[in-house]
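To start, the structure itself, in C-alpha cells.
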Number of protein chains: 4
Amino acid sequence: MLHFENDYNEGVHPELLEALITTNEENLPGYGADAYTKRAVDKIRQAIACPQAQITFLTGGTQTNQVIINSLLKSYEGVLAAETGHISTHEAGAIEFSGHKVLTLPHEHGKLRAADVEAYLKDFYADGNHEHMVFPGMVYISHPTEYGALYSKAELTELSQLCDRYEIPLFMDGARLGYALGVASSDVTLADIAELCHVFYIGGTKLGALAGEAIVFTRHNEPKHFIPIVKQHGALVAKGRLFGVQFDRFFTDNLYQKIGQQAIAYAEELKAILHEKGYRFFYESPTNQQFVIVENKQLETLAEKVVYSFWEKYDDNHTVIRLATSWSTTDQDLADLRDSL
Amino acid sequence: MLHFENDYNEGVHPELLEALITTNEENLPGYGADAYTKRAVDKIRQAIACPQAQITFLTGGTQTNQVIINSLLKSYEGVLAAETGHISTHEAGAIEFSGHKVLTLPHEHGKLRAADVEAYLKDFYADGNHEHMVFPGMVYISHPTEYGALYSKAELTELSQLCDRYEIPLFMDGARLGYALGVASSDVTLADIAELCHVFYIGGTKLGALAGEAIVFTRHNEPKHFIPIVKQHGALVAKGRLFGVQFDRFFTDNLYQKIGQQAIAYAEELKAILHEKGYRFFYESPTNQQFVIVENKQLETLAEKVVYSFWEKYDDNHTVIRLATSWSTTDQDLADLRDSL
Amino acid sequence: MLHFENDYNEGVHPELLEALITTNEENLPGYGADAYTKRAVDKIRQAIACPQAQITFLTGGTQTNQVIINSLLKSYEGVLAAETGHISTHEAGAIEFSGHKVLTLPHEHGKLRAADVEAYLKDFYADGNHEHMVFPGMVYISHPTEYGALYSKAELTELSQLCDRYEIPLFMDGARLGYALGVASSDVTLADIAELCHVFYIGGTKLGALAGEAIVFTRHNEPKHFIPIVKQHGALVAKGRLFGVQFDRFFTDNLYQKIGQQAIAYAEELKAILHEKGYRFFYESPTNQQFVIVENKQLETLAEKVVYSFWEKYDDNHTVIRLATSWSTTDQDLADLRDSL
Amino acid sequence: MLHFENDYNEGVHPELLEALITTNEENLPGYGADAYTKRAVDKIRQAIACPQAQITFLTGGTQTNQVIINSLLKSYEGVLAAETGHISTHEAGAIEFSGHKVLTLPHEHGKLRAADVEAYLKDFYADGNHEHMVFPGMVYISHPTEYGALYSKAELTELSQLCDRYEIPLFMDGARLGYALGVASSDVTLADIAELCHVFYIGGTKLGALAGEAIVFTRHNEPKHFIPIVKQHGALVAKGRLFGVQFDRFFTDNLYQKIGQQAIAYAEELKAILHEKGYRFFYESPTNQQFVIVENKQLETLAEKVVYSFWEKYDDNHTVIRLATSWSTTDQDLADLRDSL
C-alpha cells in the first residue's frame, strides 16, 4: 500500500533517531534543563537570526497553540483566525476550553488578508458598545496554511505592521513550517518570520520528530514564569531531552531545511504525476499537501492502492482528498504512485 | 427628553415595587429558601402547565445563559446559535470563558432555521474525523430574537423534534419573553414553550423587575446539585427573596402577560407613528423593538429629542437604530414622540 | 419567633428603600453608567479619603471575591487565606472554578498572622524547585473575619507592608465591613483600609442593601478593561442603578457607619444578655456575630424561641451556635430575647 | 559523578529503544489508532486481569492527573488527597487550573488513612449547609507515594469499599507503579489494583519510557468521548505509536515488572550501604526512593561525588535528601557509591 495520507505516519527521521540513540545513556537533568536543550535553543536563535529569542519545547501542535494563546491573551480577549484555521476547526475546542473565543474571518486557501483583519479591528473599536464584546487580542495564522498555501513576505509584513499598530501579537502556527521553508519560490525566510511574528512555533512532529514543537517568542514577550504556566497546562515533559536532542540535530547542518526541501521536491513530482494522470486540482499548493477533486465512485478504486486523506465534500458526486509528501517519502514511493494511478 | 432606547432604563414596575415594600420587614431565610420563592415556583409551574418544572432564579441574562449552558454541556460540547445570538456577540465571551465554543449558523432576523441546524448536525456526524471537532451539544435560540422576531409554533416544534432526535437540549433565551407573549398574532404560549424547550428562562429585568430571571428546566433535566453549581459561578444571591417576591407578583393576576401586552400595544402605535413620519424600516418586528434606517446627518437632529440605540452601520450614509417600548412606556410618551418626529 | 440567625434575613434598610422608591421612575442609562452610581463613587472616594480609587459595584460576596481574585491573579498564582476564610470553605469552590488555588494558612479567630504569611512566602522563594508549585499571588483577609474578629491597625499595617515587599496585593473581604467600622474600640478607619489594602470591598447586602457590594481598587490597580471582565463573569447588572442608588444613600449622612454602630450597640447588649443568662462563649467577638457553646439537648428548647445558626460541632455533647445582630435589629428584639432565654 | 537524584535522568530503556528502532519505518495511523497501541492495550488488559479495561496513553504524569480528574469530576466536585500528594503540591495548580479544588487530608508517609477519608465524608454529608461547599468527588492516592510508601492490600480494599459506599471513584497515581510491583513483600498485584481502583495509571516515564503513561478505567467508567476530551486538553499525540510501541514492549515477557524488581534489588543494596555508612533515615521506604537526614555542612562534600535531590528542610542544621535507584541503575553505580560515601 502506498502512503500519501499525511506527514506523520512514520516514526522518527533516521538522523534524529541516531541522535537519540547516541545520547540515550547520558545522565541529564529533567524538564528542559539539559545541555542539548540549551544547544538547540542556541542553534535556533542563530538560524532565525534572533539572539534574544525565548524558546520552549512542547509535545504537539494543539497543546502548543493552547499554551501560547492562553498565556498571551488577557481573559477578555479572543484570537482572530481564518474560518479554516486549525484552532477554529480541528482542536476539539481547546482554545475555548482554556477560556478564549476564536474570532473567525474569511480566508483564501486558509490565508488571512490584512484588509479583512484591519476592517475587523477598525469596526470593533468604532463600536462604542464594544465593552460587551470579545476584544480581538491576537492574530493567528498558519504557514503553510491548512491548505498548504504560503504567505509572501509582503503579506506577512502587512499583517505584522497591522498588529504592531493595534498592539496585538501576530502568532504563526508553524506545524509544517519546514515545508514552507523548503519552497524555493517563497521569499519568506526563518529570519523574516522571527522579525515579523511576535511568536511562532517551529513544528517538529510533521517534519520527522517523534514529537516536539519549538515555541519562539521573538520580542522579549515570553509570559513571565512561563515554565509554571506550561506545567499547569500539563505540558511540561520530564525527559525534556527528547526535544532538546531532536531539535539540536534538526538545526545542525541545516537538517530542518533540507528535510523540507526534499519533501517539496517530491511534492513537485507528485503534482506532475497528478497532472499527468488527469487529476483535477482543488488547490495546487506550493508545499507538501495537494488537494484534488475525485469522483466518489472512483474513490474506492483509488483506496485499493493509495492511502489518502478525506478532506471535504466537494459536491454530491465529488470529494476533495489530500495527498501529501513528507520527510519520509522516497523515490520509490513516487515511482510506485506513477505506476498505480 | 423622550426615552425609547431600550427596555431597562427605568427601575421597577410599580406592582413589583409594592410587593417588595409590603414584604420588606418579614424575616425570611436566604438563598432562595423563602416562601415567596416557593410560591413563585408554584405559580410559574401552573402558568406554564408543567408541574414537574425545576425553577431557579438568577440575577441577569448573561449570567443565566452562562450557568445554563455551562451546566448542561459536557466539556467537549459547544452550543449552536445564530451568528447574531446574544451569546455569540454581546456577552464578552462569557460562554467561552466557561469553556465552551459557540458554533454559529446563519439566521433570519435572529432566528435559526431548523434546516440549517439539521444540516450542521448531519454533516458533523457524517464526518468520520469529528473526534477532533467541537460536538454540537445544545441549540440556543432567543424568543423574541435580538431583532424582535418570533418563532411560530410550527418552527419551534420542528426545532424541538430535531433536538429530541439528536438528544440535545433546545434552550430558549427568554430575556424579553413577556413581549413575545404579548403579541396577539403569535401562536406560541408559555405552555408550548415549556413543552417544546428542554430549558428556557423567563426574563424579569427587561419586563420590569429590578433584576431577576427564572430558569425553567422542563424535563427533570436540572443538573444534579444545581445550587452548588450556581454558587460556584458566583450567581447565588443571599436575599433570594428579591426574585421570589417579584416573580410571585409577576405570576399573580397574569401581571407578566399584561405587561407584555401593554408594551406591544404601544409598539404597534410606535410603528404607526414611524410609518406616518415616513421612516424606512430595517425590520418591522412584531414585538417591542423596532429597527429603522436613518440618514447619518439626520441622526443628530433626532438625538436632540429622542434617545434611541445605535444598532449597526447600514451603509456609509445610513445607520440602523433601535426604538423600543417597554413595561414603563406611557400614552404620553407616544403622544410626545408623535409631536417630536 | 426571634431572629438572630444572621444579618441578611430582612429585605432592605428603610432609608435605602426610600431612595429606591424616589428614583424609581427616572430614566437612567444601564450597566452602571447612571448618575447615582457616579455619585456613589464620588462619595465613597471621599469617605475613604482616596480620590483615585476605582470603584465598581457587583451583586454578592462570592461573585465579588471571584471577580477580584481571578482578575488580579496571573494564571499560575494562588491566593493565601486563612483555613477558615470564606473563599476557603463556603464558596463552593468558586475560586478554583475560576482556575486558582486557595493556599491556606492557620488562623486566630479567622485572622491571618503576618508572621505566618511571611514564613510561607520566605519558604516558597527559598525552595529552588518552586516552578512546579503554585505561586502565592495575593493575600486574602476578611474584616471582620468569619468569626467576627477584627484586625488592629498595627496588624493591617504589618500585612500591608509585607505584601508591598513581596509585590502582591492585600485584599480585604468587607462583606460585613460596616460592622467593623461600628466598633468604637477599633482603631481601623475606612481611610486606613484604603491606604493599607490594595483592593477591598464594602459589603452592602449584610448591611441592609437588597444586594450590592462595592469593589475598591486603591492604587490605580484596577485591571484594564474591568467592565468586560465583569461581564464575562456574568456579573454585570443591567439596572446598575440598583447599586448606585443604594450606595449613594449609604454614603450620605454617614448612614453606612451609623448602621454599623447601631448593630454593634445591640451586639453589646446581646453579649450582656448571654453572659447574664450564663451562656459559655466560644468566641466573644467585638462585632455583630457572637458564638456560644450550647449543650445539644438544650438546642431544641432554644430553637422553639430563637432562630440561630448552627456553626460547628464543639464536642459530642456540645455545639457552637451563632447569634447575630444586624441593621434590622430593634430594641424590642433584645427585650424579647432577654425574656425568652 | 554518581547519579542517584531521580529515576528519569537517562533516556529510554534499551529494550524499548530497540522496539522503537525496529518499528520506526512502518506506516501507522496516528492518534493511537495503530496496531501497537491496540496490542499494548490487549497485553495490559491481560496483565491486570481486567478484560473490560479502557486504556488510553498520555505523555506525562501531571497531564494524566489533570485529564483523569477533570474528566471524571462534576464541576462542583473536588478531589480528596494527602497534603503531600503530587496534585496537592507539585503540579503548579494544574488541578485548580482545570476548575477543581484539591481537598487535603493528613497522611502517613504520603498515604491516606481510610479512617480520615471516612471522617471527612461523614462530616461533609452531616453538615446540612454543604451546598456552599466543595463536594468530595474522588479519592486520589499514589502508590508508591511521594515518599516511596506502599499501601497494603487490606488498606487498598478499605479505601475501595469506602469509595464504593460513597459512590466516588478511587484513583491511583501510578507514576512509579513498577517500583511498587517490584517489591517482593508487597501483597498488592496489578490485578488487585485493577479490581480495587476505579481508575489508575501505569507510569512509563519513570520506569524507562521516553514518555508515556497508561490510563486504565476499570469499570466501564471511561468518560464518553474521551478522545475529544484528551484533545481538548492538548494531550492527544499525533504519533501515538510512541506510546503503543513502548507499552507493547513493557508488557511483553514481563519487562515492566522485571524493571521494577531490578531497581528494588538495587534499592535494597542502596539502603544497606546507607546503613553501613551510618546514615540516618528520614524514611526507609520499601521502594526505589530513600530519604536520609544529612547535616547541612556535610551536604557540599557529598555533592562533590553524588547527585541527590534536595527534599525538604529537616531543621536549621539538617536537610532531608532523596537518593533513588531506577531502571537504569547498574552494579557499578552501587559499587562506586559504596566507595565514595
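Filter the range B:1-16 for residues that are open to solvent by 20 Å² or more (accessible area, probe 1.4 Å) and under 22 Å from B:D253 (Cα atoms) and give the result.
Hits for the range B:1-16 are B:H13, B:P14, B:E15.
Which condition number does B:G137 fail, the rest of (1) farther than 19 Å from B:D164 by Cβ; (2) in contact with a Pro (Cβ under 9 Å, 6 or more places away or on another chain) being met?
So B:G137 meets the others, but not (1).
Can you tell me which of (1) within 14 Å of chain C (Cβ to nearest Cβ); (2) assigned to a helix (DSSP H, G or I) is the one B:H100 doesn't meet?
(2)
Could you check the range B:200-227 and list, in sequence order, the residues that are farther than 13 Å from B:A175 by Cα and away from chain D (no Cβ under 14 Å)?
B:L210, B:F217, B:T218, B:R219, B:H220, B:N221 - these are the residues of the range B:200-227 that are farther than 13 Å from B:A175 by Cα and away from chain D (no Cβ under 14 Å).
Which of the numbered conditions does D:A92 fail, given that it passes all the others? Conditions: (1) under 19 Å from the mean Cα position of the chain (by Cα); (2) within 13 Å of chain A (Cβ to nearest Cβ); (3) part of a helix (DSSP H, G or I).
Status for D:A92: all satisfied but (3).
Out of all the residues in the range D:157-174, is one or more of a type in the set (F, W, Y), away from chain A (no Cβ under 14 Å) and open to solvent by 40 Å² or more (accessible area, probe 1.4 Å)?
Yes, the range D:157-174 contains at least one residue that is of a type in the set (F, W, Y), away from chain A (no Cβ under 14 Å) and open to solvent by 40 Å² or more (accessible area, probe 1.4 Å).
Considering only the range B:184-235, how many residues are touching a Phe, Trp or Tyr at 6+ places or on another chain (Cβ under 6 Å), closer than 26 Å to B:A19 by Cβ and of a type in the set (A, V, I, L, M, F, W, C)?
5
For the range B:128-145, give me the residue count where each residue is touching a strand residue (DSSP E or B) at 6+ places or on another chain (Cβ under 7 Å) and away from chain A (no Cβ under 14 Å).
Residues in the range B:128-145 being touching a strand residue (DSSP E or B) at 6+ places or on another chain (Cβ under 7 Å) and away from chain A (no Cβ under 14 Å): 6 in total.
I need the full set of residues from the range A:163-185 which are part of a helix (DSSP H, G or I) and under 14 Å from the mean Cα position of the chain (by Cα), in order please. Working first, answer last.
Within the range A:163-185, the subset part of a helix (DSSP H, G or I) is A:163-166, A:177-181.
Matches in the range A:163-185: A:L177, A:G178, A:Y179, A:A180, A:L181.
So if I check each of A:I44, A:I21, A:I69, which one is without any contact (Cβ under 8 Å) to a residue 60 or more places away in the chain and among the aliphatic types (A, V, I, L, M)? If you could, list the steps in order and put the result at the bottom.
Working: A:I44 fails: without any contact (Cβ under 8 Å) to a residue 60 or more places away in the chain; A:I69 fails: without any contact (Cβ under 8 Å) to a residue 60 or more places away in the chain.
That would be A:I21, the only listed residue that is without any contact (Cβ under 8 Å) to a residue 60 or more places away in the chain and among the aliphatic types (A, V, I, L, M).
Only one residue in D:Y36, D:Y31 is of a type outside the set (D, E, K, R) and on the phi > 0 side of the Ramachandran plot, so which one is that?
D:Y31
Can you name every residue in the range A:58-75 that is outside any helix (DSSP H, G or I) and open to solvent by less than 10 Å² (accessible area, probe 1.4 Å)?
Listed by number, the list holds a single entry, A:L58.
Which ones in the range B:24-41 are within 22 Å of B:A191 (Cα to Cα) and free of Cβ contacts under 8 Å to residues at least 24 places away in the same chain?
Passing the criteria: only B:V41.
Quick check on A:T37: is it of a type in the set (V, I, T) and out of contact with any Phe, Trp or Tyr (no Cβ under 7 Å at 6 or more places or on another chain)?
Details: of a type in the set (V, I, T): yes; out of contact with any Phe, Trp or Tyr (no Cβ under 7 Å at 6 or more places or on another chain): no.
So A:T37 does not fit the description; no.
Here are D:F124, D:F97: which of them is under 22 Å from C:I87 (Cα atoms) and open to solvent by 40 Å² or more (accessible area, probe 1.4 Å)?
Going through D:F124, D:F97 in turn, the sole match is D:F97.
Out of the range B:22-52, which residues are assigned to a loop (DSSP other than H, G, I, E, B), surrounded by fewer than 17 Cβ atoms within 10 Å (Cβ to Cβ) and more than 9 Å from chain C (Cβ to nearest Cβ)?
B:A33, B:A49, B:P51, B:Q52
Just to be sure I understand, how many residues within the range C:154-176 are touching a residue at least 40 places away in the same chain (Cβ under 8 Å) and over 24 Å from C:K101 (Cβ atoms)?
Count: 4.
Does any residue of the range D:325-338 turn out to be free of Cβ contacts under 8 Å to residues at least 24 places away in the same chain and aromatic (F, W, Y)?
no
Can you name the residue in the range B:127-142 that is out of contact with any His (no Cβ under 7 Å at 6 or more places or on another chain) and without any contact (Cβ under 8 Å) to a residue 40 or more places away in the chain and, of all such residues, is surrounded by the fewest Cβ atoms within 10 Å (Cβ to Cβ)?
Out of the qualifying residues, it is B:G128.
Could we say that A:I55 is more than 7 Å from chain D (Cβ to nearest Cβ) and either open to solvent by less than 20 Å² (accessible area, probe 1.4 Å) or in a helix (DSSP H, G or I) (or both) here?
no
Within the range B:58-87, track down each residue that is more than 27 Å from C:G212 (Cα to Cα) and facing another protein chain (nearest Cβ under 9 Å).
Correct list: B:K74, B:S75, B:Y76, B:E77, B:G78.
Within the bounds of the range B:311-323, is there any residue that is basic (K, R), open to solvent by 10 Å² or more (accessible area, probe 1.4 Å) and without any contact (Cβ under 8 Å) to a residue 12 or more places away in the chain?
Yes; the residues of the range B:311-323 include at least one that is basic (K, R), open to solvent by 10 Å² or more (accessible area, probe 1.4 Å) and without any contact (Cβ under 8 Å) to a residue 12 or more places away in the chain.
The values are calculated or read from the model by the stated rules, or taken from the named source; none is laboratory data. As the structure is a prediction and not an experimental result, all values here were calculated from the model. Positions of Cβ are generated from backbone atoms using ideal geometry, with glycine treated the same way; all protein chains shown enter the neighbour counts. What goes into the accessible areas is simple: the full protein's heavy atoms, side chains included, and nothing from ligands, DNA or RNA. Shrake-Rupley method; radii C 1.70, N 1.55, O 1.52, S 1.80 Å.
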